[in-house]
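Colleague: I'd like to ask some things about the structure below.
The values are calculated or read from the model by the stated rules, or taken from the named source; none is laboratory data. Note that the coordinates shown come from a computational prediction; the quantities given were computed from them, not determined experimentally. Heads up, the Cβs are rebuilt from the backbone with ideal geometry, glycines too, and the neighbour counts pull from every protein chain shown. Note: areas computed on protein heavy atoms with side chains; ligands, DNA, RNA excluded. Shrake-Rupley method; radii C 1.70, N 1.55, O 1.52, S 1.80 Å.
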Amino acid sequence: MEKYVPVVVIKELAEVDKILPALKKNGINCAEITFRTACAKDAIKIAAEKYTDMLIGAGTVINEEQCRDAIEVGAKFIVSPGLSESVAKVCKEKDIPYYPGCVTPTEIMKALELGITTVKFFPANVYGGLKALKALSAPFPQVKFIPTGGVDRSNIDEFLAFDKIAAIGGSFFVKEALEKEEQNG
């Protein structure tokens, strides 16, 4: 897993060739393309085929069908806003990393029962941010977190300094990369 996981929403397929090169120029070689739009599956397919030097995954995966579709077209990891046992099962079968959203001790325990030790912490700002992650790490020292939602340039260094952070997720990476492209372009 890369340290930075941009949450990428593709509304039109042409955006793949705009956003991914911008991310690469910003030193980010990963993209979590979300299943929030009708063209998500096609966007993941294009990204996986065209940007082979990037780690392309699928985000906002909320059911088994989306998971199978994403893996079929080349997703190398799956992220969900919550924990889905059926998605976890498919990922385990296909040997694809799964990062479910878990914010409570019960959800983390369920993830551990499924063999998952890295979870998305979403929305991080709503569920207590870094303070909550530190508290949750005490009873779950084997768990790593990917905080997403409310993490930005103002607090990213604080999160990254904590050794239980596997990566940082966020759409702000995309916004920054595109703004830089506009300035340089």
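Colleague: List the chymotrypsin sites (Phe, Trp or Tyr not before Pro) within the range 150-184 that fall in a DSSP loop (any state other than H, G, I, E or B) and whose Cβ has at most 12 other Cβ atoms within 10 Å.
Modeller: Taking the range 150-184 and a limit of 12 other Cβ atoms within 10 Å, no loop chymotrypsin sites (Phe, Trp or Tyr not before Pro) are found.
Colleague: Now for a separate question. Per residue of the range 66-80, what does 6.51 cos²θ - 1.76 cosθ + 1.60 with θ = phi - 60° give for ³J(HN,Hα)? Whole Hz please, x for Gly and Pro, Karplus curve as stated.
Modeller: Taking θ as phi minus 60°, the curve returns 4, 4, 4, 4, 4, 5, 4, 9, x, 4, 9, 7, 10, 10, 10 Hz for the range 66-80.
Colleague: Let me cross-check R153: its accessible surface, 1.4 Å probe, with only protein heavy atoms counted, in Å² to the nearest 10?
Modeller: 120 Å²
Colleague: I've got another one for you. Roughly to the nearest percent, how much of the accessible area of the chain is carbon and sulfur, given a 1.4 Å probe?
Modeller: Carbon and sulfur atoms account for 50 percent of the accessible area of the chain.
Colleague: Of K25/K76; K50/K175; K50/K131, which pairs sit farther than 28 Å apart, going by alpha carbon to alpha carbon?
Modeller: K50/K131
Colleague: Here is a further query. Only one of the listed values, [x] 15.7, 46; [y] 15.8, 49; [z] 16.4, 50, was derived from the coordinates as Rg and Dmax of the Cα atoms in Å; which label is it?
Modeller: Evaluating Rg and Dmax of the Cα atoms in Å on these atoms matches [y].
Colleague: Just check the range 79-185 against the gyration tensor rule for me: Cα atoms, a ≥ b ≥ c as the square roots of the eigenvalues, rounded for a/c under 1.5, and otherwise prolate or oblate depending on whether a/b exceeds b/c.
Modeller: Because a/c hits 1.5 or more and a/b fails to exceed b/c, the range 79-185 counts as oblate.
Colleague: Percent relative contact order of the range 13-152, based on C-alpha pairs within less than 8 angstrom and at least six residues apart?
Modeller: Once normalised by length, the contact order is 15 percent.
Colleague: Something else: Over the range 107-185, what relative contact order in percent results from Cα pairs under 8 Å that are six or more residues apart?
Modeller: Over the range 107-185, the number comes to 27 percent.
Colleague: Give me the distance in nm between label points sitting 7 Å out from Cα along the Cα-to-Cβ direction at E2 and D42, one decimal.
Modeller: Distance between the two pseudo-spin positions: 2.4 nm.
Colleague: May I pose another question? Need one number: nm distance between label points at L112 and R68, each 7 Å from Cα along Cα→Cβ, rounded to one decimal.
Modeller: 3.2 nm
Colleague: Which of the peptides 51-61, 124-134, 20-30 is most tightly packed, and how do the rest follow, judged by the mean count of other Cβ atoms within 10 Å per residue?
Modeller: Ranked by mean Cβ neighbours within 10 Å, highest first: 51-61, 20-30, 124-134.
Colleague: Any idea how far apart S171 and E49 come out in nm if each label point goes 7 Å out from Cα toward Cβ?
Modeller: 2.7 nm
Colleague: Let me ask something additional. Sketch the reach of a paramagnetic label on K180 as a point 7 Å from Cα along Cα-to-Cβ, and name the residues of the range 47-66 whose backbone nitrogen lies under 17 Å away.
Modeller: Taking a point 7 Å out along Cα→Cβ of K180, the residues of the range 47-66 whose backbone N falls under 17 Å are 54-55.
Colleague: I want the local charge near K25. Using Cβ-Cβ distances under 9 Å, sum +1 for each Lys or Arg and -1 for each Asp or Glu among the other residues.
Modeller: Result for the local shell: +1.
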